Amino acid sequence: MLRLCSLLLLLAATLVSCEVIHFQSCSDECSIAQVRVDPCPQAAHNAACNIRRRRPTTMSFDFTPKFNAATLETTLVWVKSETHELPLISLERDTCKTISCPIKSGEQQTYTMDVPIEAKFPISGYTIRWRLTDPVSKQHCCFQHDIKVVR
């Protein structure tokens, strides 16, 4: 019985391996409940996640839109300034390949994406902004957080 309990505890620890990180919402049209990055041991100290080049990183977040939409488009950008954003990576822009569409106001969903950081990506700290946008109404879910790209 003790072996079974130990095995169940190990399994539970494995399933909850993502780290909840600090983030800032940038939209009143959507609420973001939680943002997770795996791996990110720095989250325990409320610090920017160290993201390694050429290593898999998974980011996910729980969001509840305050609007209906047939589809959403995903963007991920480096926030260079409040008026200047630069795309960070090429990723699948069709959000509905990852979540259920159409989007319904008030229904929470979880978006998960494996984020590839290529070897040529400059080693530095960044504020990144995720945005899920209705291409018709331009309403969106948005949040930003800090990362640090390391070797």
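Could you check region 83-122 and list, in sequence order, the residues that are among the charged types (D, E, K, R), touching a Lys or Arg at 6+ places or on another chain (Cβ under 9 Å) and not in a loop (DSSP other than H, G, I, E, B)?
From region 83-122, those among the charged types (D, E, K, R) are 85, 92-94, 97, 104, 107, 114, 118, 120; that's our starting set.
From what's left, touching a Lys or Arg at 6+ places or on another chain (Cβ under 9 Å): 85, 118, 120.
Answer for region 83-122, where residues must be among the charged types (D, E, K, R), touching a Lys or Arg at 6+ places or on another chain (Cβ under 9 Å) and not in a loop (DSSP other than H, G, I, E, B): just 85.
Scanning region 123-142 for residues that are of a type in the set (Ser, Thr, Tyr) and free of Cβ contacts under 8 Å to residues at least 60 places away in the same chain yields a total of 3.
Filter region 49-70 for residues that are surrounded by fewer than 16 Cβ atoms within 10 Å (Cβ to Cβ) and farther than 24 Å from residue 92 by Cβ and give the result. Matches in region 49-70: 66 only. Screening residue 118 against (1) farther than 17 Å from residue 147 by Cβ; (2) open to solvent by 60 Å² or more (accessible area, probe 1.4 Å) leaves a single unmet condition, (1). Residues that are open to solvent by 60 Å² or more (accessible area, probe 1.4 Å), of a type in the set (S, T, N, Q) and at negative phi within region 19-48 comprise 24, 25, 34, listed in sequence order.
Confirm whether residue 129 is in a strand (DSSP E or B) and under 25 Å from residue 19 (Cα atoms).
Values: in a strand (DSSP E or B): yes; under 25 Å from residue 19 (Cα atoms): yes.
Judged against the criteria, residue 129 is a match.
In region 85-97, is there at least one residue being in contact with a strand residue (DSSP E or B) (Cβ under 6 Å, 6 or more places away or on another chain), closer than 20 Å to residue 146 by Cβ and not aliphatic (A, V, I, L, M)? Within region 85-97, one or more residues are in contact with a strand residue (DSSP E or B) (Cβ under 6 Å, 6 or more places away or on another chain), closer than 20 Å to residue 146 by Cβ and not aliphatic (A, V, I, L, M).
The values are calculated or read from the model by the stated rules, or taken from the named source; none is laboratory data. Computed from a prediction, not measured in an experiment: that's the story for all the values here. Backbone-built Cβ (ideal geometry, glycine too); neighbour counts: all protein chains shown. Each accessible area value is taken on the protein alone, full model and side chains, heavy atoms only, with ligands, DNA and RNA left out. Shrake-Rupley method; radii C 1.70, N 1.55, O 1.52, S 1.80 Å.
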